[in-house]
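What follows is a short report on a single structure.
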Amino acid sequence: MWLVVHKLVLFALAIPALLLLFYSYVKDNATDTQAVQIIDNTCFIENKPCLISLPHISDLSIHLSQIPVPAMEQITLTFSGIPKDQLSLKLWFEGKDMDMGKHYLLPLPNKGNKGMDAVTEFTGMIPVCSLDENMVWLLIVELSNQDLLFRVRFPLSE
């Protein structure tokens, strides 16, 4: 009898845990109702500042602080031309040919700017891939406003 009760208790605890995991997965991978437009940018951000030109969004310039991009060292990305209160930005590094997860860059506090108007900086790092020393990374810039969602992919040199 004790064994049956023990199994029922474990089963009763496992079902909500699995549902919570499923909900978390769906929530993290959902894009709401916006259709994602993926744009492969041919500008090698490691060589020069790059321009992001998208419909219905003002032109943005992006610049890396360190060239080449070192693994496991803090780097800074600088954006200019961000319209105040009109745009949401997310930035991350991910593997091109190998799923290494998303490695997000965090916004730095604006010095002297009120809101996200002229210049915004993000900081983060690329992890080390122990499986492939020639790992190719992409910088993903996700821009969204109320109606549009863009993911611009910048290759980092191989």
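The values are calculated or read from the model by the stated rules, or taken from the named source; none is laboratory data. Computed from a predicted model, the values in this text were never measured in an experiment. Note: ideal-geometry Cβ built from the backbone for every residue, glycine included; neighbour counts use all protein chains shown.
Things to note:
- Elements of the type strands (runs of 3 or more DSSP E) sitting completely within segment 49-112 and holding at least 3 residues that are among the aliphatic types (A, V, I, L, M) and within 18 Å of ILE38 (Cα to Cα): these cover 50-54, 57-64.
- Segment 124-142, residues that are farther than 16 Å from ASP99 by Cβ and either outside any strand (DSSP E or B) or not assigned by TED's automatic domain parsing to the domain that holds ILE82 (or both): MET125, GLU133, ASN134
- GLU121 being at pLDDT 85 or above, surrounded by 13 or more Cβ atoms within 10 Å (Cβ to Cβ) and either assigned to a loop (DSSP other than H, G, I, E, B) or over 12 Å from the mean Cα position of the chain (by Cα) (or both): yes
- Every residue from segment 78-93 that is modelled with pLDDT of 85 or more and in contact with a Gly (Cβ under 9 Å, 6 or more places away or on another chain): LEU91, TRP92, PHE93
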